[in-house]
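Nothing in this text is a laboratory measurement; each read-out follows from the coordinates by a stated rule. Please read all numbers here as calculations on a predicted model, not as lab measurements. Positions of Cβ are generated from backbone atoms using ideal geometry, with glycine treated the same way; all protein chains shown enter the neighbour counts.
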Amino acid sequence: MAFGYKFFRMLEVGIEGSYIKDDGQGYAPTHGIVTGSVTYQLIPINVFVLVRGILSEYQWVVPYVGGRYTFMYYQEKLELQSTVSGHADGYHGRAGLQFLLDVLDQSAANRFYSDVGVYHTYYFTEARYSRAMANSPSGSVNLGGWSYMGGLLFDF
């Protein structure tokens with residue numbers, strides 16, 4: 001979920017958060033054995049600046065780039081072992097495309113504006129790289145990496 005404020009159509013500042021969870025099997029590489037079930041949780045929070053390449057009000061495809069500060073909280077629960085948790089600061093960069101959906105049904109878009117106040121609806125697709133280094137007994141670990149997302153953007 002993300003919320004942003006547009007100073008004008010090309011420049012936006014915002015904050016977003018997400019939640020990632022995965023279950024799996026732990027592995028002790030030193031001993032070469034499986035150590036039991038593991039639950040890993042990651043909560044990244046990003047403060048961002050976005051610049052859009054928007055030139056007209058009803059532009060069908062809008063490219064954008066952005067990035068800035070990232071804070072990541074992590075927790076790893078290991079079966080029959082203590083829970084490991086912490087946080088790390090870092091950065092992220094992103095680039096993507098927004099596709100204007102209003103043109104598919106202009107009358108529905110007009111009703112959406114009059115009923116709810118949504119100026120435009122977009123489908124977006126995005127690639128993002130984040131880097132947040134956490135210290136561990138075996139050295140530093142990057143909690144980020146590449147991610148790819150898609151979703152809906154409502155422009156109020």
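Using only the Cα atoms, work out Rg/Rh for the chain, with Rh taken as the Kirkwood radius, to two decimals. All intermediate terms of the calculation are to be shown ahead of the outcome.
Working: Rg = 20.0 Å, Rh = 18.0 Å.
My calculation of the ratio gives 1.11.
List residues of region 121-156, by number, whose backbone nitrogen lies under 11 Å from a label position 7 Å along Cα→C-beta of Phe99. Taking a point 7 Å out along Cα→Cβ of Phe99, the residues of region 121-156 whose backbone N falls under 11 Å are 123-125, 151.
To make sure I understand, if each residue's beta carbon is the centre and we count other beta carbons within 10 Å, what order do Phe154, Phe71 fall in, fewest to most?
Working: Phe154 12, Phe71 15.
If I rank by nearby Cβ atoms, fewest first, I get Phe154, Phe71.
The slack in the chain from Ala108 to Thr39, taken as 0.36 nm per residue of separation less the alpha-carbon distance, amounts to 20.5 nm. May I ask you to list the residues of region 49-82 whose amide nitrogen lies under 13 Å from a point 7 Å from Cα along the Cα→beta-carbon direction of Trp146? Nothing falls inside the zone, counting backbone N under 13 Å.
The dipole here belongs to the chain: it is taken about the Cα centre, uses +1 on the Cβ of Lys and Arg and -1 on the Cβ of Asp and Glu, and is about 340 debye.
Computed on region 46-132, the Cα convex hull volume stands at 150 Å³ per residue. Once the chain from Ser56 to Tyr27 is taken as fully extended at 0.36 nm per residue, the excess over their C-alpha distance is 5.1 nm.
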